[in-house]
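Report on the following structure.
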Ligand code: ADP
């Protein structure tokens, strides 16, 4: 069985993330979305909030072969714990490439049996990031079309309260 792990901050989960996840769900038998629990990153949404929103999307999109989990520490350890064969990441721009290139080298050093696959961002999502969504939402702009519809109200209200 092929198992992919799609790790990230997902603070919050965007339609760009959904695009990558849908591609991964078509490629692997089972995919784990792994929400990074890293206090140093000072996330806007708690791990619980981020996971709940991802689970809303999985149900709405009927992504039946996708599970949502959380991890801290080393990704390779989490990957091992769910018997993952591959890591999944998305690429938007050359700046992502530089970063991913380094992370891949580190992960191979830690576990050379794991390989990472990359999906290119859809043309319409190449400038979309969680940070953009937060910036727009904090200033009261429309986040319609940037995050999955099912979470639009939750994210808008939550950012307005900040
Ligand atoms: P991280 O903090 O690990 O970069 P993110 O939640 O920002 O977590 O991103 C998780 C993964 O999704 C990364 O591989 C990132 O490049 C990818 N990604 C983020 N936004 C998009 C997008 N709009 N299109 C495609 N991939 C994306």
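Here, each number is a calculation from the coordinates, and none is a lab measurement. Given the structure is predicted, the values throughout are model-derived calculations rather than measurements. Cβ coordinates were reconstructed from backbone atoms using ideal geometry, including for glycine residues, and neighbour counts include every protein chain displayed.
Worth pointing out:
- Scanning the stretch 21-49 for residues that are touching a helix residue (DSSP H, G or I) at 6+ places or on another chain (Cβ under 9 Å) and more than 20 Å from residue 137 (Cα to Cα) turns up 21, 31, 32, 33, 34, 35, 36, 37.
- Residue 156, sole failed condition from (1) closer than 19 Å to residue 17 by Cα; (2) in a loop (DSSP other than H, G, I, E, B); (3) touching a helix residue (DSSP H, G or I) at 6+ places or on another chain (Cβ under 7 Å): (2)
- The set of residues in the stretch 108-126 that are away from the ligand (no atom under 12 Å from the Cβ), in contact with a helix residue (DSSP H, G or I) (Cβ under 6 Å, 6 or more places away or on another chain) and not in a loop (DSSP other than H, G, I, E, B) contains only 110.
- Filtered by the rule that a residue be crowded, with 17+ Cβ neighbours inside 10 Å and either within 15 Å of the ligand (Cβ to nearest atom) or under 15 Å from the mean Cα position of the chain (by Cα) (or both), the stretch 137-162 gives 143, 146, 147, 148, 151, 155.
- For beta carbons closer than 8 Å, sequence separation of 6+ or different chains, a first residue in the stretch 97-108 that is in contact (Cβ under 8 Å) with a residue 12 or more places away in the chain and a second that is surrounded by 12 or more Cβ atoms within 10 Å (Cβ to Cβ) and part of a helix (DSSP H, G or I), the qualifying pairs are 107/75; 107/76.
- For the stretch 73-82, the condition of being within 16 Å of the ligand (Cβ to nearest atom), farther than 23 Å from residue 47 by Cα and free of Cβ contacts under 8 Å to residues at least 12 places away in the same chain holds for none of the residues.
- Taking the numbered list (1) more than 13 Å from the ligand (Cβ to nearest atom); (2) under 15 Å from the mean Cα position of the chain (by Cα) in turn, residue 105 passes all entries but (2).
- Residues of the stretch 127-153 that are under 22 Å from residue 58 (Cα atoms) and assigned to a loop (DSSP other than H, G, I, E, B): 128, 129, 143, 145, 146, 148.
- Evaluating residue 96 against the criteria (1) assigned to a helix (DSSP H, G or I); (2) within 17 Å of the chain's Cα centre (by Cα); (3) within 16 Å of residue 35 (Cβ to Cβ) leaves one unmet condition, (3).
- Residue in the stretch 37-50 that is in contact (Cβ under 8 Å) with a residue 24 or more places away in the chain, more than 17 Å from residue 130 (Cβ to Cβ) and near the ligand (Cβ under 10 Å from one of its atoms) present: no
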